[in-house]
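Notes for the one structure printed next.
Please treat every number below as a calculation from the coordinates, not as lab data. Just so it is clear, the structure is predicted and the values come from calculations on it, not from any experiment. Cβ: placed from backbone, ideal geometry, glycine included. Neighbour counts: every protein chain shown.
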């Protein structure tokens, strides 16, 4: 009885090898699909020639090429490398900052517009509110507080998909946590009575150092948890 | 052409591997030529190269896919999924840019083979004179 393509070749191991070498997941997926199909075609051809199952399998595997050659054909070509492998500093250092900055800009825009819509003339938007304003400001608040965690999860997902070592994802996660832990919002109204409110943001440790550190630690833990669970499970799977 | 260099993906059927630098662009040329006539999937391409070159040239079977993917990435090929006999296949065909590339490659290759042929004939001529 002929073995299936997956019994004949350890595609999971091959996939891991390509991903660890930096080949982009979409290229890996497609390459393996085409190789598995090709192997099936080779076996059909060999069977048609009346070979025994053992001969069929070995001839098909030989025809396809060695796993080393197949892997090298992909890993030697830089154009198939993912951004995570080519420029990890950009993917885990720069991109998270830009995404977090973008999300916070949207959150601040919601806060500023809500202030002008629901609290015209108010000295600050940080006052008790009711009605639709609760929902409106709530969206902005949610985005502001959840953005670091979402960006952190995205970092973990990218790192997991590419089977990256923990160094670069950890750099990204620490950056995000520090930004989230030290970000401070300020709102003030200009001296002109009809003037618009002014919202600004900066990064500072304080008023309580412990508070900032704790906040950063919470963000890091929540954002990094899925990635480290995945790493732990993967390590257990391969050691089993 | 650069991405065809690292692998000796072409072998003469005698089993002797060719100099990879010398064979630069050959798999690309053969693939583009085949696909200009009709769309094919990977296995068909490999078999067609073997049969149409009378098995003189055999492309390394599995490693043909990175070449196809590279050509597609460069815009010389396009692909589409098609289900045939219950199996989903990725069929490749040549784009306009691919046709232009094929024309350039064919011209380069014709010049090269012409020059080599001339050298070989010249060599024979020299022997006769000697």
**OP:** Provide the FRET efficiency to the nearest 0.05 for the residue A:66-residue A:146 pair, computing r from the beta carbons and using R0 = 45 Å.
**Re:** 0.40
**OP:** From other protein chains only, count the Cβ atoms within 10 Å of every residue's Cβ in B:34-46, then give the mean.
**Re:** 2
Subject >> Helix-only CD estimate at 222 nm, as mean residue ellipticity for the protein assembly as shown, using -39500 (n - 2.57) per DSSP H run (n ≥ 4) >> reply: -21000 deg cm²/dmol
Original post:
Taking each residue of B:64-75 in turn, how many C-beta atoms of other protein chains fall within 10 Å of its C-beta, and what is the average?
Top reply: 4
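Viscosity 1.002 mPa s, temperature 20 °C: Stokes-Einstein D of the stretch A:123-240 from its Kirkwood Cα radius, in µm² per second?
On the way: Rh = 16.7 Å.
Calculated translational D: 128 µm²/s.
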**OP:** Starting from the eigenvalues of the Cα gyration tensor, five times each then square-rooted, give me the equivalent ellipsoid semi-axes of the protein assembly as shown, largest first, whole Å.
**Re:** 59, 25, 19
**OP:** May I ask you to derive the relative contact order of chain A, considering only C-alpha pairs under 8 Å and at least 6 residues apart, and to give it as an integer percent?
**Re:** 19
Subject >> Whole-Å distance, taken between Cα centres, linking the stretch B:27-71 and the stretch A:1-71 >> reply: 18
**OP:** Within a 10 angstrom radius of each residue's Cβ in A:71-81, how many Cβ atoms of other chains show up on average? Whole number is fine.
**Re:** 5
Original post:
If you line up the long axis of helix A:167-182 against the longest principal axis of chain A, both from Cα atoms, how many degrees apart are they, to the nearest 10?
Top reply: 10
**OP:** Please work out the C-alpha center-to-center distance from the stretch A:73-109 to the stretch A:157-228 and express it in whole Å.
**Re:** 18
**OP:** For the stretch A:49-160, just list the percent of Cα-Cα distances falling in each 5 Å bin from zero outward, please.
**Re:** 2, 10, 12, 11, 9, 8, 8, 7, 6, 5, 5, 4, 4, 3, 3, 2, 1, 0
**OP:** For residue A:47 paired with residue A:233, estimate the spin-label separation in nm (one decimal), with each label point 7 Å from Cα along the Cα-to-Cβ line.
**Re:** 3.5
Subject >> Peptide ranges A:139-146, A:77-84 listed from the most packed, as the mean C-beta count within 10 angstrom indicates >> reply: A:77-84, A:139-146
Original post:
Taking the Cα atoms of the stretch A:31-100 alone, what are Rg (to one decimal) and Dmax (as a whole number) in Å?
Top reply: 19.5, 62
